[in-house]
Amino acid sequence: MTWLDTNTENCTVQRTLDLIGEKWSMLVLRDAMNGVRRFDDFRRHVGLSESVLADRLRKLVAAGILDTVPYSEPGSRTRHEYRLTRKGWELWPVMIALKQWGDRYTADPEGPPLEVVHADCGEQVSAVVVCGAGHGTLIPPEARTRPGPSARRTDPADGR
């Protein structure tokens, strides 16, 4: 079965994009990965309306990517901070890969506005694709796709 013969209704890339593929969701995740926790800080730093932010946070919590933790300032009602879950932190390599691509192709002439470095040695981190058997870093021609356990044939009538 080739890629074009494969039904895409259960595509995991599509399902992932349904959860996090919207620009504002990715920017909320970027900020959460950089320590932003509170609604007003997300709103101020990301620069979006309260209603859009509330919607994105609600969806990320419902997906199990963010969790809420109650807090209260003296004299104020209880509010919630937003923390990445383990599932959320597993998106960190995706964010690093997007940043790496952006640093290469969209940064200002002086360079990127933020560097992510190894805490121990100070060198920049990068996202790479590696072979699960330990054969090292791969480039696209060294990888192939094949049908997975849930692959289904495309319905010739609708192309999906």
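Please treat every number below as a calculation from the coordinates, not as lab data. Quick caveat, the model's predicted, so the values are computed rather than measured. Virtual Cβ from ideal backbone geometry, glycine too; neighbours counted across all protein chains shown.
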To test your reading of the geometry: what angle, between 0 and 90 degrees and rounded to tens, separates the Cα axis of helix 50-62 from the longest principal axis of the chain?
60 degrees
Which aspartates and glutamates, if any, have their Cα less than 14 Å from the Cα of Lys87, not counting same-chain residues under 8 positions apart?
Asp67
Farthest positive-ward along the chain dipole, Cα basis, beta-carbon charges - from Ser51, Gly122, Pro112
Ser51
Normalised per residue, the volume of the convex hull around the Cα set of segment 1-90 (Å³)
114 Å³
Förster-model FRET efficiency, 41 Å R0, Glu50 and Ala143, C-beta, rounded to 0.05
0.40
Hey, what angle do you get for helix 92-105 against the long axis of the chain, alpha-carbon based, 0 to 90 degrees rounded to 10?
80 degrees
Sort Leu29, Leu114, Leu91, Leu17 so the one with the fewest other Cβ atoms within 10 Å of its own Cβ comes first.
Leu114, Leu17, Leu91, Leu29
Here, trypsin sites (Lys or Arg not before Pro) of segment 42-103 satisfying both criteria (DSSP loop; at most 11 other Cβ within 10 Å) are Arg77
Contact order relative to length for segment 101-160, counting C-alpha pairs under 8 Å separated by 6 or more residues, stands in percent at 13 percent
For Lys99, which lysines qualify as cross-link partners when the Cα separation must be under 16 Å and same-chain residues fewer than eight apart are set aside?
Lys23
Mind telling me which of Glu50, Glu110, Glu81 comes out most flexible in a GNM of the chain, alpha-carbon contacts under 10 Å?
Glu110
Which whole-number percent is the relative contact order of the chain (Cα, under 8 Å, 6+ apart)?
28 percent
Averaging the inverse of every distinct alpha carbon separation and then flipping it gives the Kirkwood radius. What is it for the chain, in angstrom units?
18.9 Å
Going by how many other beta carbons lie within 10 Å of each one, how would you line up Trp89, Trp101, fewest first?
Trp101, Trp89
